Amino acid sequence: MTANTYPIDNVRADFPALRQTVNGCPLTYLDNAATTLKPEAVVEAVRQHYREESANIHRGVHHLSQKATEAYEAARDKVQHFLHAEQREEIIFTSGTTAAINTVAHAFGSTIHADDEIILSEMEHHSNIVPWQMLRERTGCVLRVIPITDDGQLDLAAYEAMLGPRTKLVSVVYVSNSLGTVNPVQRVIDAAHAHGAKVLVDAAQAVACRAVDVRALDCDFLAFSGHKIFGPTGVGVLYGKRVLLDALPPFFGGGDMILSVSFERTTYNALPYKFEAGTPHIAGVIGLGAALDYVNALGLAGIAAHEEDVRDYATRLIARIPGVRLYGTAPEKAAILSFVLEGVHPHDVGQILDTHGVAVRAGHHCTQPVMQRYGIPATARASFSIYNTRADADRLAAAIMQTKELFG
Amino acid sequence: MSGASDELYQQVILDHNRTPRNMRALLGATHQAQGLNPLCGDAYTVYLSIDGAGVIREVAYEGHGCAISKASASMMSEALTGRTVAQAHALFDAFRGLVMGKSEATPQDCDLGKLRVFSGVWRYPARVKCAALCWHALRSALDGQGATTTEDKL
């Protein structure tokens, strides 16, 4: 599919939030890296669950519970196929990327000892930093950090020099939420495996804009959130290789993750339930399934082509505004533009853009080490998705010009 | 344009953002404290020089933040110079009431004067902390505490 045949009008019509005006202007939603809007199909799937099949799952003697269980487990199959995972048991539903990473930090973390090394990168989201610092507190392990280059790429030479016999895990982001960089995770994984280390990929920003194949990548763990791929908030996925998940202890204990419980001894349930204690976000999982159906129907190849077109157009437009400096100019980038307007704090940029109906994020984007790396307190970030157009980029550029004028 | 550009970014605020007054470290300060907004990373250190009679002789600050926080610090420094510590506390209460949209909290005898340009801030909940940041640092300095964050108390 080329950009010309991409059904942009249909896509826009599928997202009810786009029909509103903000401050008298049509909504220009460019905060997709924070969360994406939801298509009617997802809203309807969640609504339908609550209206017609609201019941708890895996306790299926009655009709509604069976319906809910089927829908919930069907969503697991959808995720399995979406990620090209070998087995459905490798798909664990969590509350989001953060919960998925914390699960690995505890379950895989139980195999980590003092002086073992975990490699992260300087462009990680706080959710892929703090759980490992907490593990360091518990175990005395060592965290090593892959530096980033001036244009926002991983310094792979530095990374490869860090790998060694003590390296137990490499946990890196696929697509940077603050710089937009698409990291060469295949090379990261291959290099780690050559040293016997496992790899966790934070795919929160990646899954909505590029095909992710966990078998081709051969990653050991991968995490993403539903709400960044047009699904509900409060639901996410941890993928893990079965051989690893089978061997690891559970993180949360509770109902549904057991086979039998007595005060003397508890037997854990099989995968994936071992890692899904308690009643999960059933409606959220069903909504995520609907979101993946939506993305599959549109096709990730067409999505990628469309977003590349809008990204390149927006980049050209924004970069030529005097006083604008872009952060994150790697050759491989998602449609995320992080920028600073000279003399105007990013929060003020965000506030004035809002008066034009343009929604962007301003701040450190939960990546304070990235801000420290570039010596800036914050950036404004415009992130584009499947329903954004060149006209959205035009409105962004015009609003930046107005901001310049006001603060001039 | 309308909304924030009128209510929030008034000319006086834009002017103080462009040319902030008293923005420097104050050597020999008798009181100082840091103010940090962990949500956005805005950070200032507020310095006071208070004489033996309890009169604030000099106010200065350094740090970084948005136009609202910077203009607020700048105008606070002007408003406090020459006031007593008791008056500074009263002005803190009055300013906090103003930016939170609770003007009934303003004491009758406390004149906010130019600071009333911040009267539109309460309509923008995300920005209330920006306007109040340096004022919280001020109070921490007066109370002899080294640091405060906007998450401690609004």
Could you give P(r) for chain B, binned at 5 Å from zero, as whole percent values over all Cα-Cα pairs? 2, 10, 21, 24, 22, 14, 5, 1, 0, 0
Over the range A:43-297, what is the relative contact order in percent, taking alpha-carbon pairs closer than 8 angstrom and at least six residues apart? 24 percent
Any idea of A:R395's accessible area? Nearest 10 Å², probe 1.4 Å. 90 Å²
A:H63-B:V85 pseudo-label distance in nm [points 7 Å out on the Cα-to-Cβ vector]: 7.5 nm
Give me the angle, in degrees from 0 to 90, between the Cα long axis of helix A:300-319 and the longest principal axis of the Cα atoms of chain A, rounded to the nearest 10. 40 degrees
Largest first, what is the accessible-area ranking of B:H136, A:H281 with a 1.4 Å probe? A:H281, B:H136
I'd like the FRET efficiency for A:H81 and B:R123, computed as 1/(1 + (r/R0)^6) with the beta carbon distance as r and R0 of 60 Å, rounded to 0.05. 0.80
Which of rounded, prolate or oblate describes the range A:201-282 when judged by the alpha-carbon gyration tensor and an a/c cut-off of 1.5? oblate
Once amide H atoms are placed 1.01 Å from N in the peptide plane, what residues at a sequence separation of 5 or more from A:K198, or on another chain, have their amide H within under 5 Å of its amide H? A:L169, A:V170
Quick query: amide H of B:T84 versus all other amide H atoms, modeled in the peptide plane; which residues come in under 5 Å with a sequence gap of 5 or more or a different chain? B:I56
How far is it, in nm, from the label point at A:D213 to the one at B:D15 when both lie 7 Å from their Cα along the line to the Cβ? 6.4 nm
Can you tell me the dipole magnitude for the range A:169-263 around its Cα centre, using point charges on the Cβ only (Lys, Arg +1; Asp, Glu -1), in Debye to the nearest 20? 140 debye
Where the only charges are on Cβ atoms (+1 Lys, Arg; -1 Asp, Glu), what is the dipole of the range A:1-125 about its Cα centre, to the nearest 20 debye? 760 debye
Given a Förster distance of 56 angstrom, what is the FRET efficiency for A:T266 paired with A:D155, based on the Cβ-Cβ distance and rounded to 0.05? 0.75
Viscosity 1.567 mPa s, temperature 4 °C: give me the Stokes-Einstein translational D for the protein assembly as shown in µm²/s, with Rh taken as the Kirkwood radius over C-alpha pairs. 50 µm²/s
Can you give me the long-range amide H partners of A:D256? Hydrogens built in the peptide plane at 1.01 Å from N, cutoff under 5 Å, separation of 5 or more residues or another chain. A:G278
Set A:K333/B:K129; A:K78/A:K241; A:K78/A:K274; A:K168/A:K333; A:K198/A:K274 screened for pairs whose C-alpha atoms are more than 26 Å apart: A:K333/B:K129; A:K168/A:K333
Span per principal axis, largest first, for the Cα atoms of the range A:43-297 (Å): 58, 50, 27
Please identify the DSSP H helices in chain B that span no less than 18 Å along the helix axis (Cα) and have a mean Kyte-Doolittle hydropathy of 0.0 or more. B:67-80, B:85-99, B:125-142
Total accessible area lost when A and B pair, probe 1.4 Å, Å² to nearest 100: 1400 Å²
Mind putting a number on the dipole of the protein assembly as shown about its Cα centre? Charges go on the C-beta only, +1 for Lys and Arg and -1 for Asp and Glu, and I need it in Debye to the nearest 20. 620 debye
Measure nothing but the geometry: give the 0 to 90° angle between the long axis through the Cα atoms of A:97-107 and the longest principal axis through the Cα atoms of chain A, rounded to 10°. 40 degrees
Whole-percent carbon and sulfur share, accessible surface of the range B:4-143, 1.4 Å: 50 percent
For chain A, longest principal axis from Cα atoms; helix A:40-52 axis from its Cα atoms; angle between them, nearest 10 degrees, is 40 degrees
Per the 1/(1 + (r/R0)^6) rule, R0 = 35 Å and r from the Cβ atoms of A:H193 and A:Q48, FRET efficiency to 0.05 is 0.20
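The values are calculated or read from the model by the stated rules, or taken from the named source; none is laboratory data. Worth saying up front: this structure is predicted, and the values here are computed from it rather than measured. Positions of Cβ are backbone-derived with ideal geometry, glycine not excepted, and every protein chain shown enters the neighbour counts. Note: accessible area is taken over every heavy atom of the protein model, side chains too, but ligands, DNA and RNA are not part of it. Shrake-Rupley method; radii C 1.70, N 1.55, O 1.52, S 1.80 Å.
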